[in-house]
Structures are given as structure tokens and as C-alpha cells.
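Q: Got a structure for you, written out below as C-alpha cells; questions coming shortly.
Read the figures in this text as sums done on the coordinates, not as results from a lab. Not measured: the values here are computed from a predicted model. Using ideal geometry, Cβ is built from the backbone for each residue, glycine included, and neighbour counts are taken over all protein chains shown.
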Amino acid sequence: RLHIIANSDSAEDQTLKLQIRDKILVYMDTLTKECKTKEDARQIISQHLPEFEKIANSLCEATGVSYRATASLSESIFPTKEYGLFSLPAGRYEALKISLGTAEGKNWWCVLFPPLCVSAAEAESFGTEFSEKELRFITSDSPEYKLKFKLLELLKSL
């Protein structure tokens, strides 16, 4: 996942967060075109952490803010994400995390692998960029995977 946390909720900081998102996604696309597995994506992201930080910090400097950005690859807790055709469950996931300044503002995130990042402007037409086979895989009710929620299991056992 890609997780960008703004310095604050000010309009300036939120705008900068989205500008950084756009630049990071363009750069990420050039790096991960040939990725076949999650491990491939993890390795490429790990190798390019300084570049992600440099991209974010160059935008921080260009906009004149006094804070800096840091990039890391770590686990974070994410909420459920609704995409219209399907939803991604909440949980703890590994993410390229870009923290801006004090990282106390609203955040933005998406799934990097498989690539499901879409901008808010594209969200309404989501799904048109995927082949039928890819959409079936993403939205499948296939018995190969069984979604479980640990909290519900614990509650049922009481």
C-alpha cells in the first residue's frame, strides 16, 4: 500500500499531500511495471526509499513549507476501502509510508500491489481500467480464499 500522512488538516498541507501522492504514483508506475509478485514490489520499494523521500521533500521545498518528509516501509492499520464493485477488508498491511512533518493530518492511501491506486477524480469510473479477468479475480467469491475477522471469531467463542 501507499500511505501518505499530511502534516496537518490545513488546506495547504492537504493539497501538498495530494501533490506528493500524484508524483509518487507516477514514479512508482515506472518502477513496478514488471512486478509479478508482492515480493518484487517490496524489494523495489525498499531499494528506492531515498528517492521517494527526495520526491516528497522537493515538493515540500517548492511549496515553501518548513517541514520535511520521511519515507519508510512498515506495517500500518488500514480501514475498509470501498471501490463500488468490491471492498478491501480492514487490517494490518505493509505500506510505503510517507510522513509529512508531524504527520498529524488526514491521510490518503491506496493499494500498490496489485495496483489499485486511483485518484478521487477517477473513483467513479473505477474498474474500467481492468480486464474482465482482473475484475473477476478482484471481485471473485471463489472458495480458494476465506475472509475471517479475528474479533468476530473471538466474540463467537465467548
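Q: Along its principal axes, what span do the Cα atoms of region 40-92 show, with the longest given first and each in whole Å?
A: The principal-axis extents, from largest down, are 39, 27, 19 Å.
Q: Would you mind checking which residues have amide H under 5 Å from R68's amide H? H placed 1.01 Å from N; only 5 or more apart, or other chain.
A: It is G101, by chain and number.
Q: Non-local amide H neighbours of C117 (under 5 Å, H modeled in plane, Pro and chain starts lacking H): which ones?
A: V111
Q: Give the calculated FRET efficiency between L158 and T37 to the nearest 0.05, with a Förster radius of 41 Å applied to their Cβ-Cβ distance. Display every interim value, and only then the final one.
A: Details: r = 39 Å, r/R0 = 0.95.
E(calc), rounded to 0.05, equals 0.60.
Q: In whole Hz and in residue order, list the ³J(HN,Hα) couplings for region 31-47 that follow from phi through the Karplus curve 6.51 cos²θ - 1.76 cosθ + 1.60, θ = phi - 60°; x for Gly and Pro.
A: So the Karplus estimates, Gly and Pro as x, are 7, 10, 3, 9, 5, 10, 9, 4, 5, 4, 5, 4, 5, 5, 4, 4, 5 Hz.
Q: Using r as the Cβ-Cβ distance of A90 and Q47, and R0 as 25 Å, what FRET efficiency do you calculate, to the nearest 0.05? If you can, show how the numbers build up before the last one.
A: Working: r = 29 Å, r/R0 = 1.16.
About 0.30, to the nearest 0.05.
Q: What pairs from K33/K97; K106/K156; K97/K156; K36/K106 go past 25 Å between their alpha carbons?
A: K106/K156; K97/K156; K36/K106
Q: At a Förster distance of 25 Å, what's the computed FRET efficiency of A11 paired with I77, Cβ-Cβ distance as r, to 0.05? The partial results should precede the final answer.
A: Details: r = 27 Å, r/R0 = 1.06.
Efficiency at R0 = 25 Å is approximately 0.40.
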